[in-house]
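The values are calculated or read from the model by the stated rules, or taken from the named source; none is laboratory data. Everything numeric here is computed off the predicted structure, so don't read it as measured data. Glycine gets a Cβ as well: all are built from the backbone with ideal geometry, and neighbour counts include every protein chain shown.
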Amino acid sequence: MRDEFILNSSNSALLIVDMTREGLHAYTREEAAQMVSEVEKFIDESGIRPIYCNTMWEEAKDLAQHPSISNRRAWGTPPFTQIIGKKLQSAFCYDYCCGLTLPSDLDNFLKRNGITNILVTGVEKNLCVWDTALDGVKHGYNVQLIDDLCWSSKWAKNAAKTPDPENYAAKIEIVSKENFIKGNRRLASPPPCPPLSELDYNS
């Protein structure tokens, strides 16, 4: 499973949860700008296509609108920058109504595009990011949480994580961005073409 993740970026996606350009969750604009810069660098170095998963608050400025990031590692079909709207903590959940949790379009989008591996980043680390990672496992995805690309604001640092009686968390692989890049260096560019002598023109 791990080798497959390393070698294939086409079946992987980077979920960026509730990131903003102008500061949200008690972050200043300066802090948000630095966070955006770190995510930009990771997208470039990893080669993983991003999906922006945002609550639909009016004051939230979607990270996907950032001029220097909007066209990085775009998806092949419109909209080339993929945005998933949500009103609950998990990016897999859109809203709650009449005792039912209504799903977002995230799971459908991932399945339509053949995604089996997801990386999770963003804010808040113990809340929306964590719930998204847990739901990713529940939906059958291989999940990696990029620990140093997940942030907790002052008011959320001590927030309790969602109960996990079935221990889905045990299947979440927590890695640093540096170790991920080192282990996945080949993702950013396609493998070299084999020599002409090795190509079989009769097949």
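Annotations
- Tally of residues being aromatic (Phe, Trp, Tyr), touching a helix residue (DSSP H, G or I) at 6+ places or on another chain (Cβ under 9 Å) and more than 22 Å from Ser9 (Cα to Cα) across the stretch 123-175: 3
- Those residues of the stretch 171-182 which are at pLDDT below 95 and part of a helix (DSSP H, G or I), in sequence order: Lys177, Glu178, Asn179, Phe180, Ile181, Lys182
- For the stretch 117-165, the set of residues classified as small (Gly, Ala, Ser) and either touching a Lys or Arg at 6+ places or on another chain (Cβ under 8 Å) or surrounded by fewer than 24 Cβ atoms within 10 Å (Cβ to Cβ) (or both) consists of Gly140, Ser152, Ser153, Ala156, Ala159, Ala160, listed by residue number.
- Any chance Lys111 is among the charged types (D, E, K, R) and surrounded by fewer than 19 Cβ atoms within 10 Å (Cβ to Cβ): yes
- In the stretch 81-97, the residue that is surrounded by the most Cβ atoms within 10 Å (Cβ to Cβ) out of those that are of a type in the set (A, V, I, L, M, F, W, C) and within 18 Å of Ile118 (Cα to Cα) is Ala91.
- All of Ile69, Ile16, Ile43, Ile83 fail the test of being in contact with a helix residue (DSSP H, G or I) (Cβ under 9 Å, 6 or more places away or on another chain) and either in a helix (DSSP H, G or I) or modelled with pLDDT of 85 or more (or both), apart from Ile16.
- Qualifying positions in the stretch 90-110 - closer than 16 Å to Gly122 by Cβ and under 14 Å from the mean Cα position of the chain (by Cα): Ser90, Ala91, Phe92, Leu106
- Taking every residue in the stretch 38-50 that is under 20 Å from Leu106 (Cβ atoms) and pairing it with any residue that is aromatic (Phe, Trp, Tyr) and not in a helix (DSSP H, G or I), at least 6 positions away or on another chain, the pairs with Cβ-Cβ distances below 6 Å are Arg49/Trp75.
- Exactly one residue among Asn113, Asn108 is closer than 15 Å to Leu15 by Cα and free of Cβ contacts under 8 Å to residues at least 24 places away in the same chain, and that residue is Asn108.
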